[in-house]
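Engineer: If you scroll down you'll find the structure; I have some questions about it.
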Amino acid sequence: MQIDSKGQLVRVDVMPCDAENRDPACKLPRDGFVTLTLIFTSPTEIRAAKPSAYVNLNGTKVSVPFTMEKDSCQRFETSCPLAPNVEHTYTTSVFVSGTYGKLRTVAEWQIHDQNDQKVTCLTLPVELV
């Protein structure tokens, strides 16, 4: 699901979360990597891209302490600048630490442009197992 962004989310793949593994939440293994692929369009050129991730803990939006690069342009299929009104594919892998407890929540992944405008945003029910 996409919320509150200027771009259009076209498709999402979360590995190892397949269709059978999403009822009611995407089950993600602790002490393992999760690969996220977002395919989206933006109405404007993207010269720089910055990711951010959040989870909802008891009604409070909390930043997730993943190690993320300041400029994610290398995570796209082509380097920045990214042309407007065409599909772009963003792929990244993050390590879900075993120190995170078992948890069921809603995760949010955002990509912001050079003007800190939210280009695309994914919200996804997840369960850390």
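The values are calculated or read from the model by the stated rules, or taken from the named source; none is laboratory data. It should be emphasised that the depicted structure is a prediction, and the values quoted were computed from it without experimental measurement. Please note: Cβ atoms are built from the backbone with ideal geometry, for glycine as well, and neighbour counts cover all protein chains shown. The protein model used for the area step is the full one, side chains on, heavy atoms only, and it has no ligands, DNA or RNA in it. Shrake-Rupley method; radii C 1.70, N 1.55, O 1.52, S 1.80 Å.
Engineer: Relative to 2.2 N^0.38 Å, what does the C-alpha radius of gyration of the chain come to as a ratio? Two decimals please.
Structural biologist: 1.03
Engineer: Positive end of the dipole of the range 19-127, charges at C-beta (+1 Lys, Arg; -1 Asp, Glu), about the Cα centre: which of GLY101, ALA53, SER63 has its Cα farthest in that direction?
Structural biologist: Selected residue: GLY101.
Engineer: Starting from the amide H of GLN114, placed 1.01 Å from N in the peptide plane, find each other amide H under 5 Å away whose residue is 5 or more places distant or on another chain.
Structural biologist: Under 5 Å from the amide H of GLN114 lie the amide H atoms of ARG47, ALA48, each far enough along the sequence or on another chain.
Engineer: Also, quick follow-up: Write down the accessible area per residue of the range 7-119 in Å², having rolled a 1.4 Å probe over the full set of protein chains.
Structural biologist: Accessible surface, normalised per residue, equals 56 Å².
Engineer: Also: Can you tell me the length gained on complete extension of the stretch ALA83 to ASP31, counting 0.36 nm per residue apart and subtracting the Cα distance?
Structural biologist: My answer for the length gained is 15.1 nm.
Engineer: On the full set of protein chains, 1.4 Å probe, figure out the accessible area of ASP116 and give it in Å² to the nearest 10.
Structural biologist: About 100 Å², ignoring ligands and nucleic acids.
Engineer: Let me ask something else. Residue-wise, which Karplus ³J(HN,Hα) couplings in Hz belong to the range 107-123, taking 6.51 cos²θ - 1.76 cosθ + 1.60, θ = phi - 60°, and x for glycine or proline?
Structural biologist: So the Karplus estimates, Gly and Pro as x, are 9, 9, 10, 10, 10, 10, 8, 4, 9, 6, 8, 6, 7, 8, 8, 10, 10 Hz.
Engineer: I need the trypsin sites (Lys or Arg not before Pro) found in the range 59-94, filtered to DSSP loop residues with at most 10 other beta carbons within 10 Å of theirs.
Structural biologist: LYS70
Engineer: Ok, one more. Within the range 9-91, list the GluC sites (Glu not before Pro) lying in a DSSP loop whose Cβ has at most 16 other Cβ atoms in a 10 Å radius.
Structural biologist: Those satisfying the criteria are GLU45, GLU69, GLU77, GLU87.
Engineer: Explain nothing, just the number: relative contact order of the chain, from Cα pairs under 8 Å at least 6 residues apart, as a whole percent.
Structural biologist: Once normalised by length, the contact order is 37 percent.
Engineer: At a Cα cut-off below 22 Å, give the lysines reachable from LYS102, other chains included and same-chain residues fewer than 8 away excluded.
Structural biologist: Leaving aside lysines fewer than 8 places away in the same chain, those within reach of LYS102 are LYS27, LYS61.
Engineer: With all protein chains present, how much of the accessible area of the chain (probe radius 1.4 Å) comes from carbon and sulfur, to the nearest whole percent?
Structural biologist: 53 percent
Engineer: List the Cys residues of the chain that have no partner Cys with a C-beta closer than 4.7 Å.
Structural biologist: CYS121 - these cysteines have no disulfide-compatible partner (Cβ-Cβ under 4.7 Å) in the chain.
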